[in-house]
Structures are given as C-alpha cells and as structure tokens.
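A short worksheet on the structure shown next.
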Amino acid sequence: MDRRHFLATGSAAVLAAVAGLPRPLRAYASAPPEGPLVWETGSVSYDSVSSLFEAVGGTQKLISREIGQATIVLKPNFCLPQPGEAGTTTSAELLDILCRRLIADGARRIIITDHTLQKTSDFDNAAFMDLPKKYPEVKVALANEERMFEPVEVRGKVLKNTDPLKLLSKADLFINVATAKHHSATQVSLGTKNLMGAIWNRKDFHTKMDLGQAIGDLALVVRPAMTIVDASRVLLTGGPTGPGRVITENRCFAGLDMVAVDAVVTSRYSFGGREVAPKDVAHLLAAYENGVGEIDLQKIRVIRV
C-alpha cells in the first residue's frame, strides 16, 4: 500500500503555519483523585456531544490559551476509504458534530488528521473530505508523507523511539476520536490503538517488538487531552478492516483518561465473539502498567449524559 502520498485540504499551508510554535507533545488533563470518569451518551447528536464538553467544564477548560487562537487537532481512525456502515472508521457524522460544537465555542483552527493505510487519493470521495467545504475553520490533512513526522525518544519497555506527527507538538488541544472495533492482532481497536495512526513507522511495532507492549509504550508520549470512542456502529468481528458483524449502537464514550475509556468499551462488547476483560488486552495492560491510565473497572465511574 502506498503511504507516501500526502494530500491536505490546505494541509501543507496549515502544517507550515503552526510550525515554530513549540508546545508540549500533549495537552493532558488529569483524572479526578477519586478515579477517572467516563461519560456515555445515549445518542450521537449535537446535544449529546455537547454534553460531553459540558461535563468537563467546557472546551476552554481543556485549552491553556484562548480558544479562538488555539490549534485543535482531531485524530479519527480513517484507516480505509470505506463507508461508515462497515464499522471500520470514525463516522463523518460524528466529526461533523464535533466541528460544529468546537466552532460554536469559538474555535477558528481545527485540523483533522490521520496516517491512513491506503494512498491519499483513495479518500477523495470520502464524506469527511467535505467538512472543509462546510466549515472554513476546518482543514483535513491526511499525513501520508514521512516529512510530516518527527523523531522522539520513548522511555518504554520495548519502544525506545518513535516518530509522531509534528502537528501534535504544535496542538493546543488534541482530541482522539477513535472508532469501536475488533482487531485480529490486538483484540480491540479503540482509543489507545488509534495512536498508531499518529506515527510514521508502524511496521516495527509488528515485526521487531511485542505489539501490545509497544502500543502501551507509545501511550507514554502521545497523550490526547480527551478521548472519544465512536460507538455509533461497532465492528464486533473481522477487524480491523472488515467485513464483519456490525451492530448499531448510536452512542459515544468519552473521558480524559484514554485507558479508562477503552476499558469501559472493552467490557461492553464481545469483540472477536468473546468477552474480554480490560486486563487481558495486552496494550491496555501495558498502558496501565506504564501509568498512563486506569483499567480497573471498580475504580472507573461511568456517567450517562
């Protein structure tokens, strides 16, 4: 598959515009001392998604600078140019709602980005590519060129260096917008696994080190402020690329603790046709042991909003 093509709806200019604005690799909000919260919506609508931001005290609470001056990065799962019904990618509908809410809050620079599995031109007709036409504040940047990434050191157990998107180090707010699906190699693909779409060299994860531990180590350096798992449709089998059994759930899960969000979603569905405890998902256990987040369901509070 060709991963060395790069297309952005204004993305070259966008990435250049934020260059030279050094900030940390993440904007990370800590969980409350009594344990992390995970919010669950009963629908995927503007009102329900708005309630997620209201639950954390508003979008501005997640950003250290005034929102109108901030660069906001949304990282969905756009692995393949498949329709939403396949359950393999984050829904364009959810991204549309997120953009509308952020713009209503005053956002003026929203960048949607992912390192996809197929060449950029294959996504020309994808629904999400229409978002910049609807909202001038939004740009889509499919990061399929190596120069868009930068090397960083990792103090992981197996992962010692990696190459995340340069854009992440310039972001004032980084929101991880994963989809809920089965994965043949990792059992689940949720928020933590979605981080692999934010780095260039993924091959080494599969061929040179323990995959689960490597993903858990990656979570040490690529840390979103908020994670949303799109469960509007859930791919239960045949992941990550499908086809497989897809169920319509019409809900989202979200939180500031990415691992806790993944733990809750893992416990809700029979991914791969069987029930799996969060501690039995290697990359979630590795992230937990690295101190990234919580997987003990007894310590996680789930709140319906």
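Quick notes on this structure:
- Condition met for PHE205 (aromatic (Phe, Trp, Tyr) and more than 17 Å from the chain's Cα centre (by Cα)): yes
- Residue satisfying condition, being within 17 Å of the chain's Cα centre (by Cα) and not small (Gly, Ala, Ser), within set ILE103, ILE111: ILE111
- Residue in the stretch 124-131 that is surrounded by 15 or more Cβ atoms within 10 Å (Cβ to Cβ), in contact (Cβ under 8 Å) with a residue 12 or more places away in the chain and under 17 Å from the mean Cα position of the chain (by Cα) present: yes
- Residues in the stretch 114-127 include none that are over 22 Å from ALA143 (Cα atoms) and part of a helix (DSSP H, G or I).
- If you check ALA214, ALA286, ALA277 for being farther than 29 Å from GLY58 by Cα and free of Cβ contacts under 8 Å to residues at least 40 places away in the same chain, only one passes: ALA277.
- Where ILE228 falls short, out of the listed (1) assigned to a loop (DSSP other than H, G, I, E, B); (2) surrounded by 23 or more Cβ atoms within 10 Å (Cβ to Cβ): (1)
- The number of residues in the stretch 194-224 that are assigned to a loop (DSSP other than H, G, I, E, B) and buried (at least 23 other Cβ atoms within 10 Å of the Cβ) comes to 3.
- Residue satisfying condition, being at pLDDT 95 or above, closer than 24 Å to ASN201 by Cα and either buried (at least 18 other Cβ atoms within 10 Å of the Cβ) or in contact with a His (Cβ under 6 Å, 6 or more places away or on another chain) (or both), within set THR88, THR120, THR41: THR88
- Within the stretch 42-55, residues that are in contact (Cβ under 8 Å) with a residue 12 or more places away in the chain reach partners that are of a type in the set (Asp, Glu) and part of a helix (DSSP H, G or I) with beta carbons closer than 7 Å, at six or more positions or on different chains, in the pairs VAL44/GLU93.
- Qualifying residue in the stretch 137-155 (condition: within 18 Å of the chain's Cα centre (by Cα), modelled with pLDDT of 95 or more and surrounded by fewer than 19 Cβ atoms within 10 Å (Cβ to Cβ)): no
- Count of residues meeting criterion [closer than 18 Å to VAL229 by Cβ and outside any helix (DSSP H, G or I)] in the stretch 83-110: 5
The values are calculated or read from the model by the stated rules, or taken from the named source; none is laboratory data. Given the structure is predicted, the values throughout are model-derived calculations rather than measurements. Note that we place each Cβ from the backbone using ideal geometry, even for glycine, and neighbour counts take in every protein chain shown.
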